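This report concerns only the one structure given below.
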Amino acid sequence: MLRHCKKRGEKERGGKRPKLDLEMVSALQTPLSCPFRVPFLNDSPSTSRTPRTVPPLCRRSVSAVPIPTVTDCAHENVIKKLLARPFRVPIPGYTGGCSNRLLGLRMSGVRLSLHDPYAENALVVFAPPELSAHEQLKLDDTKREVHVVVDPLLCAVLRPHQREGVKFMYDCVVGKRVEGHNGCIMADEMGLGKTLQCIALMWTLLRQSPQAVPAINRCIIVCPSSLVKNWDKEIAKWLHGRVNSLPIDSGKREDIIRNLKQFVSQTGQRVPTPVIIISYETFRLYTDILHEKEIGLVICDEGHRLKNSDNQTYQALSGLKCARRILISGTPIQNDLFEYYSLINFVNPGLLGPAQEFRKRFENIILKGRDADASMEQQQLGEQKLQELLGLVTRCIIRRTSALLTKYLPVKYELLCICGFTELQEKLYRTLIRHMDSEIRRQERSKGGVNNNTTLAFITNLKKLCNHPQLIYDKCHAKEAGGFADCLELFPAEFSTKKAFDPSQSGKMRVLDYLLAYTRRNSDDRFVLVSNYTQTMDAFEQLCQLRKYPFVRLDGSMSIKQRSKIVEKFNDPKSECFAFLLSSKAGGCGLNLIGANRLVMFDPDWNPANDGQAMARVWRDGQKKACFVYRLLSRGSIEEKIFQRQAHKKALSSCVVDEETDVARHFSLDQLKTLFEFNANTASDTHDKLKCKRCFLGRELKDPPEDADTNSDLTQWHHSERDFGKVPDQMLKAVRDCAPDITFVFHQKSHDGETNRLNSPPADNGKGRRDGAEEEDRESEGEETVEREEKGREGKERRR
């Protein structure tokens, strides 16, 4: 086959072999070189390449290895300067754990505190016990306790006393202060920020615990219906939307039931809606739903509503499956010690034993020792039992007085003004008490005894008469039973409730009329007028309309939304409202009325806590002006008797709650029972019963101690009967000069501070005259200075 192919190829080429091209062969034998290659200097075709030997690394000389040198000196200097200064934390004294903090991550199986316990201004409510190095090695990291630190967002706004309060409440609810009990009473006086302290505690428990998990997952806040929206706003204000709270007060029954069932059915450590705010009335209606599941924390605002352990609200809240209980009340004792027992027993059941044992062991002995007629032995035994009771309750109650506010608020002046009756009032008052005295004697002779309902109704009518005769005119005109038929003929013939309101028929109303007029003329101060009766508020309204004062009114007939709008309108700095008419029972708790700096408490309540709540509406956080709080009482009447009973109750509260042991025993029980005696021949029946040793013939010869606690002891106040020079209010002095109705003034101030510049003596031409006179004085002084300078220059020229 091969031969056949060769022969075939030869035939195709013509039978001849081709000749070899020698030049082509030589070109193929020489290696190819790049035509663009630049030859090296040491290249030569004659020299042959010899292989280079490389010594092993272990035999090389270090000095023989070439080191590159840096030619840029400036760059080298910069690097050296950077490396010469190691990094340091810019915060002085910072020892924070940067090593155990990860960005957005948590180390698996290692417990860490939610907030840095070593940060500046950190509030640590729980710190784990210190362990030795050997104990730390043996401890399992998954069981290690961590710090519990209040959120820095709240630490930035908490004041020192509030930080102390949060720590105290945390220790109580975790069972640290009283073993086996987890309750606490926050009894700070009004204006100290009890709401903020409880919000800080609630938020801490919802997020943290020593086990690095939330301590609770649900919280119920129970408060009066007027404060439900306010609590919701406060939570949003301080936590900036970090927690979802649900206010439940009004609405359809189906909606309330659905919301409550959704709340109690939530499970897990972090639930969508951990907080509900509910009124006492609504809670009582839906206890069957709220009692189904365990609740982590319950907060009861205005907790003195639970003073009666037999009412339905107390029983409903006591049945709640919740061990951690916080009760908020600025006045835990309002009437007697047994109410105090009810509050303690609610937050810490069984701490003071059964009710009968408490009465026998503490209450009866302490009250006998506090009586003005008690023997020395009774006083000593009462003091001994009081100290024993304090030793039990002070572990779960924290109480700070409003004296702490003196660091943050302007000065507050309290003035108790005793006002005389008008001639008409005195005649009506004597007629009524004469009839009531005979009625009481008749009932005592009968088998049925004294009718308490009749007595209480009569007391109410006497109190209304002290405010203004117009308030009982309709009863007199209708000739109702109780002595009113004999009173009709005492009224002037032209007297009628349909005519224009006449403030001059009442001593207290005449003082109020003067006070409003002088203040309106000489300053830009505004008033809050408080009363316990709707009829008296109607009289306030008629007075404001008569004098053309712009005003707003808040009473029990208004809804919660209407009340909020009225308060916002009055507190607006641009508001033209001069007076805020306030019902003590409808708005005495929780309202912030810092738009006014003067408050008049027109009539007293049997419960001193109600009056105290109402009088605290203007001296609160945000107030910038000096405050004046006036209390008006009719001289020698039932109003002074009621006030004396208030002082007796406040003295008891000071002993048990404030731990004061030197409150004077001023009024005996027999004196407090003489309610229907009328003493018109005195400047003040209250001052007479004090047996004051600092006053003589109507003049105060010795000032009270500067460090005296004037919370409940009137003997430590200033007393002014004839000499009104020490009265701190220029407006009240002006009223006294015009009207002799004011017969006595008790007065005291919260702390040393500058008086409001607007609290100046009345001027001749109204508002603005005083400033204009000062400008004229400054101009005259300037003119005299110029004249002296001109005379000096003329004298120099003459000498030359």
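Working only with C-alpha atoms, what are the Rg and Dmax values of segment 160-224, expressed in angstrom?
Spelled out, the Cα radius of gyration and Dmax of segment 160-224 are 12.1, 35 Å.
Is segment 269-343 best put as rounded, prolate or oblate by its Cα gyration tensor, with a ≥ b ≥ c the root eigenvalues, rounded for a/c under 1.5, and otherwise prolate when a/b is larger than b/c, oblate when not?
Values: a/c = 2.23, a/b = 1.75, b/c = 1.27.
Verdict is prolate for segment 269-343.
Quick one: Kirkwood hydrodynamic radius for segment 118-188, alpha-carbon pairs, angstrom, one decimal? List each step's numbers first, then the result.
On the way: mean 1/r = 0.0703 Å⁻¹.
One over the average 1/r among Cα pairs gives 14.2 Å for segment 118-188.
Treat the count of other C-beta atoms within 10 Å as a stand-in for reagent exposure and order Leu381, Leu205 from fewest to most. Can you show the working numbers first?
Values: Leu381 16, Leu205 24.
Result, fewest neighbours first: Leu381, Leu205.
Among the listed pairs Lys565/Lys585; Lys385/Lys689; Lys307/Lys585; Lys499/Lys561; Lys569/Lys624, which are separated by more than 23 Å between their Cα atoms? If you can, show how the numbers build up before the last one.
Details: Lys565/Lys585 19 Å; Lys385/Lys689 28 Å; Lys307/Lys585 17 Å; Lys499/Lys561 34 Å; Lys569/Lys624 18 Å.
Pairs exceeding the cut-off: Lys385/Lys689; Lys499/Lys561.
Collect residues whose amide H, placed 1.01 Å from N in the peptide plane, falls under 5 Å from the amide H of Phe628; neighbours closer than 5 in sequence don't count.
Here Tyr413, Arg598, Leu599 satisfy the definition.
Loop only by DSSP, 15 or fewer other Cβ within 10 Å of the Cβ. Give me the trypsin sites (Lys or Arg not before Pro) in segment 473-532 that pass, ordered by residue number.
On the way: sites: Lys475, Lys479, Lys498, Lys499, Lys508, Arg510, Arg520, Arg521, Arg526; in loops: Lys479, Lys498, Lys499, Arg526.
Passing sites in segment 473-532 are Lys479, Lys498, Lys499.
Within 10 Å of each residue's Cβ, count the other Cβ atoms and sort Leu131, Leu582 from fewest upward.
Working: Leu131 13, Leu582 30.
By the 10 Å Cβ count, ascending, the order reads Leu131, Leu582.
For a quick check of your reading of the filter: which trypsin sites (Lys or Arg not before Pro) in segment 298-351 sit in a DSSP loop and have no more than 13 other Cβ atoms within 10 Å? Present the calculation step by step, with values, prior to reporting the outcome.
Numbers: sites: Arg305, Lys307, Lys321, Arg324, Arg325; in loops: Lys307, Lys321, Arg324.
Of the trypsin sites (Lys or Arg not before Pro), the ones in loops of segment 298-351 whose Cβ has at most 13 other Cβ atoms within 10 Å are Lys321.
Please list, in chain and number order, the residues 5+ apart from Phe126 or on another chain whose amide H is under 5 Å from its amide H, with Hs placed from the backbone.
The list, which skips near neighbours in sequence, is Val148.
Please list, by residue number, every one of the trypsin sites (Lys or Arg not before Pro) in segment 163-271 that is coil in DSSP and has at most 10 other beta-carbon atoms within 10 Å.
Working: sites: Arg163, Lys167, Lys176, Arg177, Lys194, Arg207, Arg218, Lys229, Lys233, Lys237, Arg242, Lys252, Arg253, Arg258, Lys261, Arg270; in loops: Lys176, Arg177, Arg218, Arg242, Lys252, Arg270.
Hits after loop and neighbour filter: Lys252.
Residue by residue through segment 532-547, what is 3J(HN,Hα) from phi via Karplus (6.51 cos²θ - 1.76 cosθ + 1.60, θ = phi - 60°)? Round to whole Hz and write x for glycine and proline.
8, 10, 5, 4, 5, 5, 4, 5, 4, 4, 5, 5, 5, 5, 5, 8
Please go through the residue pairs Lys407/Lys463; Lys463/Lys548; Lys479/Lys548; Lys194/Lys293 and name each one whose alpha carbons sit more than 31 Å apart in this structure.
Details: Lys407/Lys463 38 Å; Lys463/Lys548 27 Å; Lys479/Lys548 35 Å; Lys194/Lys293 28 Å.
Violating the 31 Å Cα-Cα cut-off are Lys407/Lys463; Lys479/Lys548.
Between His134 and Phe338, how high is the FRET efficiency from 1/(1 + (r/R0)^6) when r is the Cβ-Cβ distance and R₀ = 56 Å? Nearest 0.05. Numbers along the way, then the final one.
Details: r = 55 Å, r/R0 = 0.98.
Efficiency, from the Cβ-Cβ distance: 0.55.
Once amide H atoms are built 1.01 Å from N in the peptide plane, which residues 5 or more positions from Leu675, or in another chain, come under 5 Å H to H?
Here the answer is none, since no amide H 5 or more places off falls under 5 Å of that of Leu675.
Since every read-out is calculated from the coordinates, none of them should be taken as a lab result. Model, not experiment: these values are computed from the prediction. As a convention, Cβ positions derive from the backbone with ideal geometry for all residues, glycine included, and neighbour counts pool all protein chains shown.
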